[in-house]
Amino acid sequence: MKTGEFNLKRIVQGVAAVTVSALLISCASAPQEPESNEFRLTLLHIDDHHSNLDAKRQTLVWGEQEWQVEAGGFPRVGAQIKKLRAANENVLTLHAGDALTGSLYFTLFGSEADARMMNNVCFDAFTIGNHEFDTGDAGLAEFLQALGTESCPTVKLGANIKPKVGESPLTPNREWQMFQPYTIVERGGEEIAIIGLDIASKTKKSSQPDESTEFLDELETARKYIAEVQQQGIEKIVLLTHIQYERDKELVQQLPGVDIVIGGDSHTLLGDFSDFGMESDGPYPT
């Protein structure tokens, strides 16, 4: 096999359009053409980077040849996100959890390196994943305090995570002290709710949350906060989840108020990468 080298730069851009048509009825007898009021939202998103901040070498099959490529790395991700953000209007930049654990950056520096890289990208919202609890509630609290800056106030989400107030470092004085169940953002004159969910059973069983921290059912929690934002007149709803692809597909069938799901945890490759010899688990977007 012939071997060559090139840099693989890949970022996935999700675009959701919500269209509302209004028929204007005139006093005149002649019919008038309906006007279209289209709202277009661009979603830039990643998940499960697991402290992998450097680019990696890997072998891909392309054009019946094997290619040694340099792929990923947070500098490349950040550059592509900034490029896409500048080229589009009404952009949301989201991270669907598991920023931590998986490389020597985390082993040697804890969450500090990840927080710095993420602040450079500037995510609008981040949902807490199971591996964020690998060093207990105290470790997560340290990460959340470092995540976000005055010029880039990343919102941290976890609607179904319930640390014990007065006991957990996440809630030393009150509920929702270091993260919140949802956030409401404005883009193009439209209000959009983003609700965050973590995978309940897996986090409790395989990570290291404090014993007193509870994880509520994902479906019931989603229903609760969807109803809450709808009562505020908000109809555009994004679920930012860390509950796995199959669970996302299952939940969204039972949540008709949800427009978009950005998910993580299962490391599911979506899209057509057959030209590179890679198999995916579904189309992008699903």
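Would you be able to tell me the number of residues in region 254-268 that are in a loop (DSSP other than H, G, I, E, B) and surrounded by 13 or more Cβ atoms within 10 Å (Cβ to Cβ)?
Number of matching residues: 9.
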Item to check | Within region 153-174, considering residues that are over 16 Å from the mean Cα position of the chain (by Cα) and basic (K, R), the one surrounded by the fewest Cβ atoms within 10 Å (Cβ to Cβ) | outcome: R174
Checklist entry - Pick from region 216-253 the residues that are within 20 Å of I184 (Cβ to Cβ) and loosely packed, with under 13 Cβ neighbours inside 10 Å: which of them is nearest to the chain's Cα centre (by Cα)? => result A227
Next on the checklist: Condition first: farther than 18 Å from L216 by Cβ, of a type in the set (S, T, Y) and out of contact with any Asp or Glu (no Cβ under 8 Å at 6 or more places or on another chain). Can you find one or more residues in region 263-279 that meet it?
Outcome noted: yes
Next on the checklist: Which condition from (1) closer than 15 Å to T241 by Cα; (2) outside any loop (DSSP other than H, G, I, E, B); (3) small (G, A, S) is the one that A159 breaks?
Outcome noted: (2)
Item to check | Odd one out for G277 among (1) closer than 27 Å to E132 by Cα; (2) in contact with a Phe, Trp or Tyr (Cβ under 9 Å, 6 or more places away or on another chain) | outcome: (1)
Checklist entry - Listed residues L84, L53; which is within 19 Å of H131 (Cβ to Cβ) and not in a strand (DSSP E or B)? => result L53
Next on the checklist: For region 200-253, which positions are touching a strand residue (DSSP E or B) at 6+ places or on another chain (Cβ under 7 Å), over 23 Å from V165 (Cβ atoms) and not in a strand (DSSP E or B)?
Outcome noted: I226, V229, I234, I243, D248, V252
Item to check | Which listed residue, of K156, K164, is in contact with a strand residue (DSSP E or B) (Cβ under 6 Å, 6 or more places away or on another chain) and charged (D, E, K, R) | outcome: K156
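Taking the options T93, T59, name whichever one is out of contact with any Ser or Thr (no Cβ under 8 Å at 6 or more places or on another chain), at pLDDT below 95 and part of a strand (DSSP E or B). Full working, then the answer.
On the way: T93 fails: at pLDDT below 95.
None of the other options fit; the residue is T59.
Considering only region 114-139, state which residues are closer than 18 Å to G73 by Cα and surrounded by fewer than 18 Cβ atoms within 10 Å (Cβ to Cβ). Steps first, answer last, please.
Let us first name the residues in region 114-139 that are closer than 18 Å to G73 by Cα, namely 114-123.
Within region 114-139, R116, N119, N120, C122 meet the criteria.
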Next on the checklist: Restricting to region 269-286, count the residues that are among the polar types (S, T, N, Q) and either assigned to a loop (DSSP other than H, G, I, E, B) or in contact with a His (Cβ under 7 Å, 6 or more places away or on another chain) (or both).
Outcome noted: 2
Checklist outcome for this item: With the first residue restricted to region 142-171 and required to be over 28 Å from L219 (Cβ atoms), and the second required to be part of a loop (DSSP other than H, G, I, E, B) and of a type in the set (S, T, N, Q), Cβ contacts under 6 Å at 6 or more apart or on different chains are G148/T154
Checklist entry - Looking at (1) in contact with a Phe, Trp or Tyr (Cβ under 9 Å, 6 or more places away or on another chain); (2) over 20 Å from H242 (Cβ atoms), which is the one condition that is false for T107? => result (1)
Item to check | Matching residues in region 99-110 - criterion: being free of Cβ contacts under 8 Å to residues at least 40 places away in the same chain and either closer than 18 Å to A79 by Cβ or of a type outside the set (A, V, I, L, M) (or both) | outcome: T107, F109, G110
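This table checks each residue for (1) touching a helix residue (DSSP H, G or I) at 6+ places or on another chain (Cβ under 9 Å); (2) modelled with pLDDT of 95 or more; (3) farther than 18 Å from H45 by Cα.
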residue	(1), (2), (3)
M118	yes, yes, no
D124	no, yes, no
I128	yes, yes, no
A138	no, yes, yes
G148	yes, yes, no
C152	yes, no, no
K156	yes, yes, no
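The values are calculated or read from the model by the stated rules, or taken from the named source; none is laboratory data. Given the structure is predicted, the values throughout are model-derived calculations rather than measurements. So basically every Cβ, Gly included, is an ideal-geometry build from the backbone, and we count neighbours across all protein chains shown.
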